[in-house]
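Since every read-out is calculated from the coordinates, none of them should be taken as a lab result. Keep in mind that what you see is a predicted model, and the values were worked out from it rather than measured. Methodologically, a virtual Cβ is constructed for each residue, glycine included, from the backbone with ideal geometry; neighbour enumeration extends over all protein chains shown.
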Amino acid sequence: MDLRQMKYFMALAEELNFGRAAQRLHMAQPPLTRQIRGLEEELGTELFLRTPKGVQLTSAGRALLDEVPNILSLARRAGERTRLAGQGLIGRLDVGIFGSGVLDVIPRLLADFHRARPDVQLELHNMGKSEQLQALRERRITVGFNRLVQKEAGLGVLTVLQEPLVVGLPDSHRLCAREEIALRDLDDEPMILYPNAPMPGLAQEVSVAFRSEGLRLNVVQSVEDVLTCVALVAGGFGCCITTRSATSLRLPGVTYRPLSSRYLCDIELSCLYREDDPSPVLTAFLKVVRAFAATHARVQSYSQVRNIGDRRMPEE
C-alpha cells in the first residue's frame, strides 16, 4: 500500500461515489476503480460495499479510515520538513565558541543567522582551539570560531574580521594617562598572558612581538581565558594585551588603551568548517558569515581612510 493508493482510498471514503471521487482526483473513473480493487486484493479484504447509488465502507474500510489520515498527514509533514531541510531552513547548527569571541562578534553573527532562519536549532559548545579542531574532524560540531588557525587538509578557514588589539591596565597604572600605548611602553612591565595553550594563539603572538622589538616580556601570570586575565588586571596584578571585543568586560579597576606596535597590530577571528560538509544549514550560515565579513571590511576600510585624513588635517 503506497501513498497514492491511500489518497485514492481517502477520496472514495469521503465521497462514497466513484464518479465524484475520480472527479476530485482529476482522473478517469476506470483507473480509480482498478486502484481500489488492487488495494483490496493487496490487503486481502473488501474495503467498500458496492451499491446502486455508490459505495459504503466495510468494517475493514472503517478501520483503515481511522489510520490513513494520520499517515497522509505524517507523509505531508515529512515531505515539507525534507524540503525545508534541503533549503537549510530547519535543522541544527553545532557551534564551537571560545573566550573573547563570545563577547561581541559571534553573538552578532548568530543573531543575524537566527533572524534569517529561526527554525534552525543553535547549539553552542565552549571549546579551546585544539578541541574545536578535533570536534570538527569527528563531526561533533558544524562550525567553530577561533584565531590564528593553521590551514590543514579538508578544513575551511573563513576570516570574519581583523580585530584591533588593546592594552588592559590597572586604573592606578601610570600609563593610563596615555591615549595610546606603544609596545615599548610595556618593556619589563608585569604582564598577564592568555591563553596558556600549546597551540599558536595571542600569548605566542605577544611573545614574538616583544622579542622582535627587543623588549623584555615579564610574565607574572599565564591564564586560560580572557575573563580571568582581565580580572587579574582589575586586581592590579599586571597589564595585558587583548582584543577590542574584550573591552566589553567593564570590570571596575581596568582601563583600556589602543596598542601601537610594528609587529602586533590586530588579530583575525576565523570561522572554521569542514570543506566536504554538504549541509544546507552550513551553506546558509557561511553565507551570513561572508556577508558580515564583507560589511565589516568596508566599515574598517572607511574608518582607516578617515583616520588618515584626520591625521593629515593639521598639515593642510
Here the net charge surrounding LEU84, from other residues whose Cβ is less than 12 Å away from its Cβ (Lys, Arg +1; Asp, Glu -1), is +2
The lysines whose Cα lies under 21 Å from the Cα of LYS129, excluding any fewer than 8 residues away in the same chain, are LYS151
Quotient of Cα radius of gyration and Kirkwood radius for the stretch 3-86, i.e. Rg/Rh, equals 1.03
Length gained, ALA111-GLN87, 0.36 nm per residue minus C-alpha separation, equals 6.7 nm
Of the candidate values (1) 1.01; (2) 1.31; (3) 0.94, the one computed for Rg/Rh (Cα atoms, Kirkwood Rh) from this structure is (2)
Here, THR33 and ASP171, labelled 7 Å along Cα→Cβ, have an inter-label distance in nm of 9.4 nm
Around LEU16 (Cβ within 13 Å, Cβ-to-Cβ, excluding LEU16; K/R +1, D/E -1) the net charge comes to +3
One would report the antiparallel percent of DSSP beta bridges in the chain, rounded to the nearest 5, as 60 percent
Taking the alpha-carbon centre of each part, the distance from the stretch 1-63 to the stretch 101-173 in Å is 57 Å
Going fewest to most other Cβ atoms within 10 Å around each Cβ, HIS114, HIS26, HIS296, HIS173 line up as HIS26, HIS114, HIS296, HIS173
Neighbours of LEU202 by Cβ distance under 13 Å: Lys/Arg at +1, Asp/Glu at -1, summed charge -3
Treating only Lys and Arg (+1) and Asp and Glu (-1) as charged, each at its beta carbon, one finds that the stretch 3-86 has a dipole about its Cα centre, in Debye to the nearest 20, of 360 debye
For the chain, the charge dipole (Cβ of Lys, Arg +1; Cβ of Asp, Glu -1; about the Cα centre) points to a positive end, and the Cα of LEU84, GLN204, LEU65 closest to that extreme belongs to LEU65
Once GLN162 and ALA197 are pulled to full extension, the length gained, defined as 0.36 nm per residue separation minus their Cα-Cα distance, is 10.5 nm
For ARG184 and LEU16, extending 7 Å from Cα along the Cα-Cβ vector and measuring point to point gives, in nm, a value of 9.9 nm
The stretch 123-282: relative contact order from alpha carbon pairs under 8 Å, six or more residues apart, as a whole percent, is 41 percent
Of the stretch 166-184, those with amide N under 13 Å from the point 7 Å along the Cα→Cβ vector of VAL220 are 169-174
Mean-square fluctuation maximum in Gaussian network of the chain, Cα pairs under 10 Å, restricted to ASP119, ASP66, ASP104, hits ASP66
Answer in debye to the nearest 20: the dipole magnitude of the chain about its Cα centre, from +1 Lys/Arg and -1 Asp/Glu charges placed on Cβ, is 1120 debye
Summing -39500 (n - 2.57) over every DSSP H run of at least 4 in the chain, dividing by its residue total and rounding to the nearest 500, the 222 nm mean residue ellipticity is -14000 deg cm²/dmol
Partner aspartates and glutamates whose C-alpha sits under 13 Å from that of LYS7, ignoring same-chain residues fewer than 8 away, are GLU15, GLU67
Rounded to one decimal in nm, the spacing of the 7 Å Cα→Cβ label points at GLN5 and GLN121 is 3.5 nm
